[in-house]
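Here's the structure, in structure tokens; my notes come after.
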Amino acid sequence: MKKEWFDAAAWEQAWEEDPMAQTNRMKQAGIDMTRSFDGKADSFNREVFSEGGRRRSERIIRWIEGQNIDLKGLRVLDIGAASGGFAVPFAQRGAVVTAVEPCLPLVELLRQNTEELNREHTRVDIVPQAFEELDIAAKGWQQAFDLVFVSMCPAIADWKSVERVLACARRYCYISLSAGEREHSLLNEVLPLVGGGGKREGAGAPDMGYLLHLLYLKGFAYESIVTWEMKSADYSPEQAVDEVMSLLKHSRIRDDHPTRRIVSDYVAATYGEGPVPVSQGGRFGKVLIRVQKESMYSRNEKL
């Protein structure tokens, strides 16, 4: 076995330079992740707080609680909080939440969604900036939070960014990332028509693999799980076309008039006036890192 397998520095460099890593793919596609939700914040918010969206958030929170973590009274840093899909239930469980979110339309929705929680005293403090741009030392955030929570957020780009997140954690850190190529039924239908080939196969985004291996090499204790998750929704033809055009950028296919016409004609011919049913999802990895060293037999667990 090659010695590089156990060389943490080699793995750090590989993650930073991997063109398939999520953040590198976004940069290559010219996507500004702090602005990518500007035009779809409202629809995203509706989905997050729908019955299905609430169930998905609840499953993740229950998994965290299942690691013998009681959220009541904890200081939680939610990085990439969006419109509050996790910040709200964290606060409802008694946590005191600092929610970091750079997308201003999502920030406004986050304020609306936490208005009642913050009526008597602040349960969710909103920081409308990108975490990557914050001076965590100046803000007094070093080891200031019991739980740092980072769900599907571009703040995790490489190991240096992981260390920056971990620096804020006193006890626990939760990170979730894609663990493979994302699935999108309509995109798979359209790709062959615009020169993108057929359905994409392979490992896809490798970030979760890099993260877990480096956590192992650097001696962290953690629990992890990889799940397959899909969701379905009906779109109007206009919404469906806009979403596919934004996703095509990930395959380096430009959003120009000829491409948009091909996609629009396909949607019109196949789905008429709508609705357009879309299934999307994929494999997702979740890891809960225990920053403090503790024996599994010292957690008051019934074994």
Counting only DSSP beta bridges fully inside the chain, the antiparallel percentage to nearest 5 is 55
For the range 71-139: rounded, prolate or oblate by the Cα gyration tensor [a/c cutoff 1.5]: oblate
Quick one: net charge of residue 178's neighbours, Cβ under 9 Å, K/R +1, D/E -1? 0
So for 208, 230, what's the accessible-area order with a 1.4 Å probe, most first? 230, 208
What number comes out for accessible area per residue over the chain if the probe is 1.4 Å? Units Å², please. 52
Looking at 159, 144, 129, which one has the Cα that reaches farthest to the positive end of the dipole of the range 117-179 (charges on Cβ: Lys, Arg +1; Asp, Glu -1)? 144
With mean projected area of the Cα convex hull in nm² in mind, check (1) 23.0; (2) 17.7; (3) 14.9 and report the label derived from this structure. (2)
Length-normalised contact order of the chain, Cα under 8 Å, at least 6 apart, in percent, tallies to 19
First check a/c for the range 49-185, with a ≥ b ≥ c the square roots of the eigenvalues of its C-alpha gyration tensor; if it is under 1.5, answer rounded, and if not, answer prolate when a/b is larger than b/c or oblate otherwise. rounded
Search the structure for amide H atoms under 5 Å from the amide H of residue 157, placed 1.01 Å from N in the peptide plane, and list their residues when 5 or more places away or on another chain. 162
Rounded to a whole %, the carbon-and-sulfur portion of the accessible area of the chain at a 1.4 Å probe is 49
Estimated vicinal HN-Hα couplings, Hz - the range 69-75 in sequence order (Karplus 6.51, -1.76, 1.60; Gly, Pro = x): 10, 9, 6, 4, x, 6, 8
Mean residue ellipticity (222 nm) of the chain, computed from DSSP H runs ≥ 4 via -39,500 (n - 2.57), nearest 500: -10500 deg cm²/dmol
Starting from the range 71-141, pick out the GluC sites (Glu not before Pro) whose DSSP state is loop and whose Cβ has at most 14 other Cβ atoms within 10 Å. 115, 116, 120
Amide H within-cut-off set for residue 125, under 5 Å, with H built and near neighbours excluded: 97, 98, 99
Of the cross-linked pairs 160/286; 40/231; 160/231; 160/293, which ones have a Cα-Cα span greater than 28 Å in the structure shown? 160/231
Tell me which residues come under 5 Å, amide H to amide H, from residue 179 once H is placed; ignore anything under 5 positions away on its chain. 283, 284, 285
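The values are calculated or read from the model by the stated rules, or taken from the named source; none is laboratory data. Owing to the predicted nature of the structure, the values given are computational and were not obtained by experimental measurement. All Cβ positions, glycine included, derive from the backbone under ideal geometry; neighbour counts span all protein chains shown. The area values use the complete protein model at the heavy-atom level, side chains included, leaving out ligands, DNA and RNA. Shrake-Rupley method; radii C 1.70, N 1.55, O 1.52, S 1.80 Å.
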